[in-house]
Structure formats: structure tokens, C-alpha cells
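To start, the structure itself, in C-alpha cells.
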Number of protein chains: 2
Amino acid sequence: MYRTHTCGELRIEHVQQAVTLAGWVQTIRKFGSITFVDLRDRYGITQLLFGEELNKQLDENPLGREFVLQVKGTVSERSNKNKNIATGDIEILVNEFSILNKSEVPPFTITDETDGGDDLRMKYRYLDLRRNAVKKNLELRYAVSRSTRNYLHENNFMDIETPFLIKSTPEGARDFVVPSRMNPGQFYALPQSPQTFKQLLMVSGYDRYYQIVKCFRDEDLRADRQPEFTQIDCEMSFVEQNDILNMFEGLVKRIFKDVKNIDYTEKVERMTWEDAMWHYGNDKPDIRFGMQLLNLKKPSSVYINKKDQPELINGADFKVFDEAETVLAIAVPGCSEYSRKQTDEITEWVKRPQIGMKGLVFIKCNTDGTYKSSVDKFYSEEKLKAIANAANAKAGDLILMLAGTEERTRKAISELRLEMGKRLGFRKENEFKLLWVLDFPLFEFALEDQDGGGAGRWVARHHPFTSPKPDHINIMINNNPKVEDLDKYLEHPYANIKANAYDLVLNGNEIGGGSIRIYQKELQQKMFEALGMDEHEQQHKFGFLLGAFEYGAPPHGGLAFGFDRLCAILGGSESIRDFIAFPKNNSGRDVMLDAPATIDQKQFNELQIQLDLK
Amino acid sequence: MYRTHTCGELRIEHVQQAVTLAGWVQTIRKFGSITFVDLRDRYGITQLLFGEELNKQLDENPLGREFVLQVKGTVSERSNKNKNIATGDIEILVNEFSILNKSEVPPFTITDETDGGDDLRMKYRYLDLRRNAVKKNLELRYAVSRSTRNYLHENNFMDIETPFLIKSTPEGARDFVVPSRMNPGQFYALPQSPQTFKQLLMVSGYDRYYQIVKCFRDEDLRADRQPEFTQIDCEMSFVEQNDILNMFEGLVKRIFKDVKNIDYTEKVERMTWEDAMWHYGNDKPDIRFGMQLLNLKKPSSVYINKKDQPELINGADFKVFDEAETVLAIAVPGCSEYSRKQTDEITEWVKRPQIGMKGLVFIKCNTDGTYKSSVDKFYSEEKLKAIANAANAKAGDLILMLAGTEERTRKAISELRLEMGKRLGFRKENEFKLLWVLDFPLFEFALEDQDGGGAGRWVARHHPFTSPKPDHINIMINNNPKVEDLDKYLEHPYANIKANAYDLVLNGNEIGGGSIRIYQKELQQKMFEALGMDEHEQQHKFGFLLGAFEYGAPPHGGLAFGFDRLCAILGGSESIRDFIAFPKNNSGRDVMLDAPATIDQKQFNELQIQLDLK
């Protein structure tokens, strides 16, 4: 060992002990004939004092930032104690030192607030990883994985490794593929998730499986997506939806306790997808605050179980509302006294291309009980009051209203709600609120071609292995999936089949999702058929799974957490990249390695492939 | 939940309880108007009793092997107790049952001794995994990983994930590569190990890293190799060799305790590579038994620190020995009375192509003190006695001698020693003996081309990041690696440089290996140069590592365990495939998935590659 103690370990009770430390030079402060050095390692920082004698040696062998240094010395009480660090009561009187390795001047400072830009820090990621801010993230990540493993172990889950070199069955996202040298002309695929393997493990009787596992998706990278990412992947047999929800909200509560020391004792709310969309405009609502949507108007064929209130706006001859497919409102607390400048700014905000609205209507619910709106010439104060009441607005609130096509408007009001929530401080960093969203539609309808499956067909919203809700199974079996009139696809019975699926949402972020799976061969075949797969394709891609379902597949279900995102949210960050040791940039490149890169002709020859650049 | 209890849980104290079980039908035994069914799940087997009433329902809904069954009933004491299973005191009087899923007749029996051949079991791996024999292996694997994580966590190691999509830097084994769609013409590689990443993490200050991680090698698969395999990968900073040996023999002892309940309290032996080769003919000797080699003759340039004893065989005019490069002997205990048939059989054994010897010489050390050999006409009894003494043979032993070229003969006698040890019962299944083998040569010399690096050059025996022993660093730095006379490469100073490397051997199997790494930029460059890499190639392949070494790299070292093999040995098996949930066959195929497979033209187009089949 190059050290007897770490740089985070020594305390006042070690005074007089002879110790050896090793670490990196954080700072050097010379005062006349003595020098103070802060020595850093993973565990902390310890102050070193080089007295007159050693100072001369230092002059001959000058230290620099990030030099690797070993010192022998005696622990001594500091006169100037530093209460900010754990070792602040002591310093080391150095007797002997040895420079284990030198360092060039780093391209950016190794400090919490660094002067290095993103690109530079990614290129020198090994230096960026030295910064305390990044180290804390990786430590949190490890703590989350440790907590997860402990909880699942205690609940009889088994970690079982599934293969990485599998078969390409592109469904939804694109596979990364790997040419096989031993089987020329053939390719492995890297798994997008271990989905079918964990289902096979259920068929094999391993009734509680988990894995913290890398997955791969060859997608165009939106901000904060990585081509390789990590899942906490779980599956259980002989369970119903409720069993899974209980088990995995338990997991997240355990993580809160272990990692953040938060006792999350409240019941985790559960909400249907339809309620989430209706009340929040979003399938992953942030329920740390209210501001629920008032649904004034909806198209007849969407949210069939929900009742809109068009009578509140109809008959006023206000064309914007009259001609809109959807009109939605939220009541923003305490903002009735917003100035013209402020309401204009919000209007501009909703008109940005990312939101895409044409304008904004507002109603001020004044504290004196009067109402004032941007559409006063269409709506009487009485009508405004009725709308305000329906929106649960109180005196002092500001009602914001959007109108337009259903999907865009709902999305826009959801974004607006989140934005106003943020501005008003309702999205508190240290408040965590979990929510299960249930009963997603099983299918979406692809009016245009997706994934080469052809146009005008059903697409699995979750994945093709998701079971319908128990009382919707017969709708699926007893109806022909074919949609005759594409314009009326919403009227097809399949449009209203709900999936036995669930997402776990934390503060408006989806952190996990899963479903009860299909375990009956016939139902699985019907699903494949609905997705436009003929029998040959079913056999080619999923023959092994259909085969497995012939030999006693148990009822089962599971879910997967996005591990990178879960860590980022727990760490209070928006960016998963900060929680990955060696992330890739938005073009999928590792700029430190300079990968991907060209390969040798010999490798092409062995793999029997060649480039075909357009 | 489809059950209140598992099939391994109910005991005599549960009698009278109403329970619900779910599982697979293992056996059905009909006795007149009642039927016994053994219901199986991951946890055990419970006997079900269908009385007269329910038997009628069973007749209408007949069960079959591997049907998935749910039953409600009452726990009842058995009259005929079965002491062989944990639930053998009770049975369930079934009130109600439900067939959750049917099963075709499985293609082989789901029993410890199955009638299914290898190929069939691999095709239906999901059924093979139901067999208790396979389940036990996966449970052991999980227990080993759990024990490993706990030990390393307690010792301050951090699990840090390293990337899977990296850069191809073929050194030794071939990389699997992954075409990048977003960077046309460029490829990622899958990691053969996280070697450089864990070293970067040391540079970053994460002084104790571990990962249980998949690695990939595109090699022609010898028996019991897999293209994807799992490593326990570890690295530490500020350590010397001894620190690493102590830490990781501690890990294996902990695994013995946790997984096998074995207290491995003895000191783990340590042996130099030269001693291992000299005394056992092998760099991973099984030291559960003796039978060490007598080195009668060696070529002058190998094992320079060792003294052979040619005087014992010279001058007898026995051409086989006189002309051989190497003559080696072992004394096999208690076999002096072997018949002619038995010695002939051993002679045939060493002449098999896998061993490749031309013949065998034996000396019988008779219990009456006389000696008898197959070379009596060349060696007097006195000379035989001298050889026997040198071989530490006792009365009753049988000395076996092989002669030939150094490498082949040493390998052959090592194989013969293991074979005789096995036959004589010296290799006990439940005895475990660990051994560190140290001080491997740093380099091997490639007389012929390897990996396209050219002929007549040094090759890293371990990998290019291994440091020489501290007192050999200067030999490396101060000498030109170039070998002028290829025939005399053994006389080049590099031939005797020993690596600061270590292998951990368990019962004659290498279970782990590692080294103290180079952390000085200049030494690393010298290493790359010795391996025939010019500066451009060094920068292209390992620029990031050389760069990292400029910014304060600490002394560090580590090792990796072959996780699959470790599990196999602990499980008493020769085959790693039995310890992998979804293994590939010897052609790298997953016969269950039928992978690798062809991919769509659309995928070729997107990746901008095409086939180039020879």
C-alpha cells in the first residue's frame, strides 16, 4: 500500500500518529518558507504542511496541480481549523514526500464550478470525473443500484444474465447489429431490452427475475438520449397488476430511504391514462401541484368516458373557440395582477414553435370579485365567472386558455402548466411525488407507414407482448383488427382496448413502465396479426416465444426502470449524461476514445462485408 | 397473486390452513377414484390430492405434464410422509382447481437425469432451465455474484458501468464490431474487457472499482468458450502486488464461505511461474496432490534459474534420452504393481494425438526394494535407484518418464500427472486449493506473424498495460526491443523480463488473473514500441490512455475473474455452458433464437454496408 490512510479519514484523535497519504495535489499555497498543500483523493481532502527543511526539497522538485503525491508525516492539530471539511481539524507535518507522477496543467479546473466547456470536459472525461460534482453523481448511481439489489434480493428476486448477442427483430426502434464472422452473411443484434428472455425465464419457472442491464437502441439521438443505456429490468410470475405496483413502489420507496434518507410513507397515487390526459394533458403528470385542466371542448371520438363543458363557451360567437377542436384552460394561482407585459410574455411563450399555439386567452379573477379577460367583447362577466368556477379558480387567480387541434392543444396546455408551475415554485427540487399511470390504450393507429409495417394498421403502444386488461381480451379476440375506413379508426373496437400496462411517474418524469404480459399463444398470435405480421414473419421473429407458450407459460408481468434517468432525477439533474461515467454525445460519439472509427481491411475481409456509402 | 404460498413452503404447522398454490404439473398418479399430483415451482414440490368429487372434473379437464395449475385447498397431514422433500409431511386436499395454461408433451423429461440430448435441450432451453440440475447452477451463480458484491462493497469498491460501444483496437483476440448508422463507414467495437476504462477510472481517482460485466471475443470457439462471457472486473489504486493478492484471495474465501459454507482458513500458496512450470509443467498447477516433476534435462536457454540433473541419465547410451531436448519424470504413488496391460494403456494414452508423445519409459519401485524398468538394458538397478531417489519415489511407486522437445514434453507430463491424479482419486471434488502463480514472463516472442503485427517481434503475454516487476523496469527501458538474431531471441534481455502479474488458480483452473499496470507514459510508449506499434498507431489506438497518463496517473493494478468458469468450478462442473442461462453453441449460435440471422435490406441500406461473401 502506498498509504496508511485516505485523505478523508484523519481526525483530531489521530494527532501524533505517523501516517502515509497518497493523492492528487488540489492546491498549493506558499507562505514564505513554508508551503501548504491540499491533497485530494476519492474520500476527501487533507492539508499538508511542508516546513522549512522540506520546502527546499520542494523548490528543487516543484509540485503542480494534479501531481500524484505520496507523503509521510505526523498528524497535527491545526491552529486554523476548517469547519467545512471533515479533516479540517488536523494537518500533516510532512517528513518525506515522493512525487509518484507528474501532471501537465489540466485543460480545465478540477473544481465543482469548472471553467471547462462541455466538449472539453467530454474529451478529457477522465479529468472531469475527478470533479466532486461528477463523483457525487456516480456515487449516487452506485447507491441506487446497491439499494435496488438489496431490496430485490430480500424479495426473492434472482439476478439472471441474459445474452447480448441476440437476433434482430426490429419492432419500433432500430437494432444495432453485429456481423458474425463464424456465420458469414448473418448478424447478431444487441438487445433493446431483455424482454423476450425475461418472459422465457418466467416460462422456465424463475418466478422473480431482475437484472441491471445495458440496452441498446440505434435511434436518432434527441437531447439526453444515449445509444446505450441501463435498465433495472424485472419480471414476476403468478401476479396481477396490483402485485407488481405494490412490489415496485416498494422498491422506489426503499431507494428514497437508502439513498436520500427520505421516508416516503404516503400512498402512491394511481391514475388512469385517460384521467392523466384529461386533467393534466399528459401521460406523466407532475402531481406536486394542482392547476388541473378545465376541458371545455373535445372532439367526440376521444376520451369517450369524459364529459366536456362546451356550454360555457358556446354561443358567444367567438370564432377562435367555436372553430377549435379543443379548448382547454388552467387556473394559475395568484397571478390575476399580471401586467400586460407579463400576459404578453406568456402569449409569446405559447407561440414559440416548440409549443406551436396561435394565441392565448386569459381571464383575470380579480381579488375584488370582478373578472376581466382578453375576450371581454365576447364573454360577459357572468360567463367569465362560470368558466372560472368550472376551472376551480379562486379570487386572485389567472385563467389561461388555449384552443386548437386536440393533440397539439392538450400538449401545449400541459407544457404551459409545467412552465407556470416552475415559475411559481410549485416544482420543488426536494419534494418527490410518485404516481402510477394505468390503463394505457393497447394500440395506436399508424395512418402512415412506420417501421416498414405498412400504413393503416395498429401499432403496439407499449410492445407486442403487453396483455389487454382482463375484460378487454375478448374484444381483441372477437374482432377483426382490420380497419376498413381509415378516417374512422377511432370507432374501431381496437381503439378502445386498454392495456394492462402501467408507468411509474416521478415529478413528471416517467421512471419506469411495464405490463402484464400475454402468456396465451393464441392471444399472442392475434396481437402479431393485429400488428400486420403474417404467420411466416411471426415464426421467423418470435417462433421461440410462441413455442415456449405451448409448454406451460404462467401468467406473468413485469417492468423496467430507466436507471440513468432515475439516478438523474434523484440527483436533481435534467441530464442523464451527468450520471454516466463515459457517455456519448448527441451524434453517438465517444469523443474521448474517438469512437466509432474506421476498421482495418482485414476486419472487413474476415467479416465478409464491405462499405456501401451513399 | 395467483397463490398464497409457494410449492416449497408448507409444513406440518400449516395443517388446516386454506391455501392457494400455483405451479407446474410434475407427475400425475391416479389410484382408482383419487389422483395425486406433484405440483412444482422454483421453490419445491407439493403433493396435491384430488378426491372423488374433483376427480370427475379432472376427467373432463385432464391434466398433463407441465400444465400450469392453480389449486385452492386445505393443508393436510400425509399418512405416507416423504422424508426426501421439505414439504413431505403434508399434502393439499384440493377443493378447486383451474388450468392456467396447457402444455404440449415436452420434448424431454423435466428431471435431473433427462432423456434429452444436448441439441434438443439447447433448442428448448426454456424447458431445460426448468430442470432442477440447471436451476441449481443459476442459483449458485447468483449466490456468487451476491457474495462478490457484498465483499467488494464492504471493502469500499464502487460498481461503475463502462461503455459497451467502444473503439476497435484489436490486440490479441478479434473484436466484434458494430456498424454505426449515424457515422457511416465507422464502427464501434464491443469490449473484450473494460481494461482501459478501469485504468482511466483510476486516473480519475475512483481508487476501488468493480463491475460484473459482459465481455466479447470473436474467437474460433474451442470447446467451452463463449463469444460473450462475464468477468468480475476489479481495479485498485495506490497498491502493490501483495495488496491485490490479499484483497482477492479474501474475496474467494468469502465466496467459499457464503456459497459453499467452506471455511478456507489456510494460507493461499504463492508460486512463481518458473516454479510452476518446473515442478508441474504447467502455469496453473493443481496442487491438491504432489507428483512433482523430476527435471532430468532441459534446454540451456529455458528456466535459467533452475538446475536439471542430466547426470542421472547420461552415459547410458539410451538414444531416446540422449537425443531428447527434455526428459521429465513423475513418481506415481502405489502403482509399482501395474500389469503390462496397464503400462501399455498409459503408453497408448501419451501417444494419443492430443498428447503427442512417441512413447513412455517406466520404472517400477518394487515394495521389496528392487527396481524394474522398461529400459533395463540401458540402466543398471543402481542408476534406476538414483533416478527414483531424485524423483522422491517410495517403494511401491511407479515412475513415468517422457522425453522430447521441451514445450511438448512438459505439457505432456503435466497432462499425464493430472490424468494419473484423477485416476488415483487425488483430485477430490470437494477439496478446493487456491494458488497464486506469480512472475510470468512479460513477453512472448512471435516467430511468426500474429494479429498482423508482423513476425519476429515481442507479444504481450498478458496485455500491453502490464508493468514489469519493479526491478525489471530498467531492463525494459534501457534496452532496444529489436531482436537481431531470431534464433537467439531467448538470449535477448526482454526474454527474461518478468511481469508484475498474477493468476489465481483453483484446482488446476485459472479463475482469475491480473497485473500491476504501467502508469508512466514513457514506459507505456516503450511497451507499445516493443510490440511493434509506431507512434501513429499508438496515438490512433491508445491516444486517450497516453493522454490520461499525462495528467497524474496513480500507481494501480487489478484483476479479473472469469465469472462463468469460477461458477462452474464451484459447482463441480467442467462446462461453463451449464452455468449460463442462454449459452451459445460451438459455432457461436443461439439455436433457440436461431441467431445470428440474416437482416433486412433496409438495415443494410441504413448502415451503408453490404455483404461481400467469398
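Checking the condition among the charged types (D, E, K, R) and at pLDDT 95 or above, which residue from A:ARG457, A:ARG461, A:ARG417 passes?
Details: A:ARG457 fails: at pLDDT 95 or above; A:ARG461 fails: at pLDDT 95 or above.
Exactly one of A:ARG457, A:ARG461, A:ARG417 is among the charged types (D, E, K, R) and at pLDDT 95 or above, namely A:ARG417.
Kindly state which strands (runs of 3 or more DSSP E) lie completely within region B:495-614 and contain at least 1 residues that are surrounded by 20 or more Cβ atoms within 10 Å (Cβ to Cβ) and of a type in the set (Asp, Glu). Give the derivation first.
Working: elements: B:501-506, B:509-516, B:556-562, B:609-611.
Because the criterion is at least 1 residues that are surrounded by 20 or more Cβ atoms within 10 Å (Cβ to Cβ) and of a type in the set (Asp, Glu), the strands (runs of 3 or more DSSP E) in region B:495-614 that meet it are B:501-506.
Which one of these does A:LEU221 not meet: (1) more than 9 Å from chain B (Cβ to nearest Cβ); (2) surrounded by fewer than 22 Cβ atoms within 10 Å (Cβ to Cβ)?
Every listed condition holds for A:LEU221 apart from (1).
Taking the conditions exactly as written (polar (S, T, N, Q) and touching a Lys or Arg at 6+ places or on another chain (Cβ under 8 Å)), does A:GLN195 satisfy them or not?
Details: polar (S, T, N, Q): yes; touching a Lys or Arg at 6+ places or on another chain (Cβ under 8 Å): no.
No; evaluated as a whole, the condition is false for this residue.
Does B:GLY64 qualify as being open to solvent by less than 30 Å² (accessible area, probe 1.4 Å), within 11 Å of another protein chain (Cβ to nearest Cβ) and under 19 Å from B:LYS30 (Cα atoms)? Explain how you work it out, then say what you get.
Values: open to solvent by less than 30 Å² (accessible area, probe 1.4 Å): yes; within 11 Å of another protein chain (Cβ to nearest Cβ): yes; under 19 Å from B:LYS30 (Cα atoms): yes.
Judged against the criteria, B:GLY64 is a match.
Table: residues versus (1) buried (at least 18 other Cβ atoms within 10 Å of the Cβ); (2) within 24 Å of the chain's Cα centre (by Cα); (3) acidic (Asp, Glu).
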position: A:ASN95; (1), (2), (3): no, no, no
position: A:LEU100; (1), (2), (3): yes, no, no
position: A:ARG146; (1), (2), (3): yes, yes, no
position: A:LEU152; (1), (2), (3): yes, yes, no
position: A:ALA173; (1), (2), (3): no, yes, no
position: A:SER180; (1), (2), (3): yes, no, no
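Which of the residues belonging to region A:83-101 are polar (S, T, N, Q) and out of contact with any Lys or Arg (no Cβ under 8 Å at 6 or more places or on another chain)? Please lay out each step first, then the result.
Of all residues in region A:83-101, those polar (S, T, N, Q) come to A:84, A:87, A:95, A:98, A:101.
The answer is A:ASN84, A:SER98, A:ASN101.
Can A:GLY281 be described as touching a Ser or Thr at 6+ places or on another chain (Cβ under 9 Å), touching a residue at least 12 places away in the same chain (Cβ under 8 Å) and surrounded by 20 or more Cβ atoms within 10 Å (Cβ to Cβ)? Steps first, please.
Numbers: touching a Ser or Thr at 6+ places or on another chain (Cβ under 9 Å): yes; touching a residue at least 12 places away in the same chain (Cβ under 8 Å): yes; surrounded by 20 or more Cβ atoms within 10 Å (Cβ to Cβ): yes.
Answer is yes for this residue.
Tell me, which residue of region B:182-212 that is surrounded by fewer than 24 Cβ atoms within 10 Å (Cβ to Cβ) and among the β-branched types (Val, Ile, Thr) is farthest from the chain's Cα centre (by Cα)?
Only one residue fits best here, namely B:THR196.
For A:VAL134, indicate whether it is in contact with a helix residue (DSSP H, G or I) (Cβ under 8 Å, 6 or more places away or on another chain) and facing chain B (nearest Cβ under 9 Å). Talk me through it step by step, then tell me what you get.
Values: in contact with a helix residue (DSSP H, G or I) (Cβ under 8 Å, 6 or more places away or on another chain): yes; facing chain B (nearest Cβ under 9 Å): yes.
For A:VAL134, the condition - in contact with a helix residue (DSSP H, G or I) (Cβ under 8 Å, 6 or more places away or on another chain) and facing chain B (nearest Cβ under 9 Å) - is met.
Consider region A:10-44. How many of its residues are of a type in the set (D, E, K, R) and within 11 Å of another protein chain (Cβ to nearest Cβ)?
Start the filter on region A:10-44 by keeping residues that are of a type in the set (D, E, K, R), which leaves A:11, A:13, A:29-30, A:38, A:40-42.
Add one more test, that the residue is within 11 Å of another protein chain (Cβ to nearest Cβ), and what stays is A:40-42.
Count: 3.
Restricting region A:568-614 to residues that are of a type in the set (D, E, K, R) and without any contact (Cβ under 8 Å) to a residue 60 or more places away in the chain, which is farthest from A:GLU429 (Cα to Cα)? Please lay out each step first, then the result.
Our first condition is that a residue be of a type in the set (D, E, K, R); within region A:568-614, this holds for A:574, A:577-578, A:584, A:589-590, A:594, A:600, A:602, A:606, A:612, A:614.
Right, trim to without any contact (Cβ under 8 Å) to a residue 60 or more places away in the chain and you get A:589-590, A:594, A:600, A:602, A:612, A:614.
Values: A:ARG589: 32, A:ASP590: 31, A:ASP594: 36, A:ASP600: 50, A:LYS602: 54, A:ASP612: 50, A:LYS614: 48 Å.
Across region A:568-614, the extreme among qualifying residues is A:LYS602.
Taking the options B:LYS341, B:LYS319, B:LYS364, B:LYS298, name whichever one is among the basic types (Lys, Arg), under 30 Å from B:GLU510 (Cα atoms) and open to solvent by 20 Å² or more (accessible area, probe 1.4 Å). Lay out the reasoning, then the answer.
Numbers: B:LYS341 fails: under 30 Å from B:GLU510 (Cα atoms); B:LYS319 fails: under 30 Å from B:GLU510 (Cα atoms); B:LYS364 fails: under 30 Å from B:GLU510 (Cα atoms).
Checking each option against the conditions leaves just B:LYS298.
Considering only residues that are without any contact (Cβ under 8 Å) to a residue 40 or more places away in the chain and either open to solvent by less than 50 Å² (accessible area, probe 1.4 Å) or in contact with a helix residue (DSSP H, G or I) (Cβ under 6 Å, 6 or more places away or on another chain) (or both), which ones fall in region B:1-26? Break it down into steps so the answer makes sense when it comes.
Start the filter on region B:1-26 by keeping residues that are without any contact (Cβ under 8 Å) to a residue 40 or more places away in the chain, which leaves B:1, B:4-6, B:13.
Selection gives B:MET1, B:HIS5, B:THR6.
Suppose we filter B:ASN183, B:ASN156 for residues that are under 30 Å from A:ALA133 (Cα atoms) and either facing chain A (nearest Cβ under 8 Å) or of a type in the set (S, T, N, Q) (or both); which single one remains? Outline the logic, then answer.
Values: B:ASN183 fails: under 30 Å from A:ALA133 (Cα atoms).
Going through B:ASN183, B:ASN156 in turn, just one is under 30 Å from A:ALA133 (Cα atoms) and either facing chain A (nearest Cβ under 8 Å) or of a type in the set (S, T, N, Q) (or both): B:ASN156.
Just one of B:GLU550, B:GLU522 is at the interface with another protein chain (Cβ under 8 Å from one of its Cβ atoms), under 30 Å from A:PRO106 (Cβ atoms) and acidic (Asp, Glu); which is it? Even if it seems obvious, please write down each step before you answer.
Working: B:GLU522 fails: at the interface with another protein chain (Cβ under 8 Å from one of its Cβ atoms).
Only one candidate passes the filter, namely B:GLU550.
Any residue that is touching a residue at least 60 places away in the same chain (Cβ under 8 Å), of a type outside the set (Gly, Ala, Ser) and over 30 Å from B:PRO107 (Cα atoms) - is there at least one of those in region B:79-90?
Applying the first criterion (touching a residue at least 60 places away in the same chain (Cβ under 8 Å)) to region B:79-90 yields B:86-87, B:89-90.
The next check asks that each one be of a type outside the set (Gly, Ala, Ser); those that pass are B:87, B:89-90.
Cutting the leftovers down to over 30 Å from B:PRO107 (Cα atoms) gives us B:89-90.
Yes, region B:79-90 contains a residue that is touching a residue at least 60 places away in the same chain (Cβ under 8 Å), of a type outside the set (Gly, Ala, Ser) and over 30 Å from B:PRO107 (Cα atoms).
The values are calculated or read from the model by the stated rules, or taken from the named source; none is laboratory data. Everything numeric in this text was worked out from a predicted model, so none of it was measured. All Cβ positions, glycine included, derive from the backbone under ideal geometry; neighbour counts span all protein chains shown. Just so you know, the surface numbers come from the protein's heavy atoms only, side chains and all, with ligands and any DNA or RNA stripped out. Shrake-Rupley method; radii C 1.70, N 1.55, O 1.52, S 1.80 Å.
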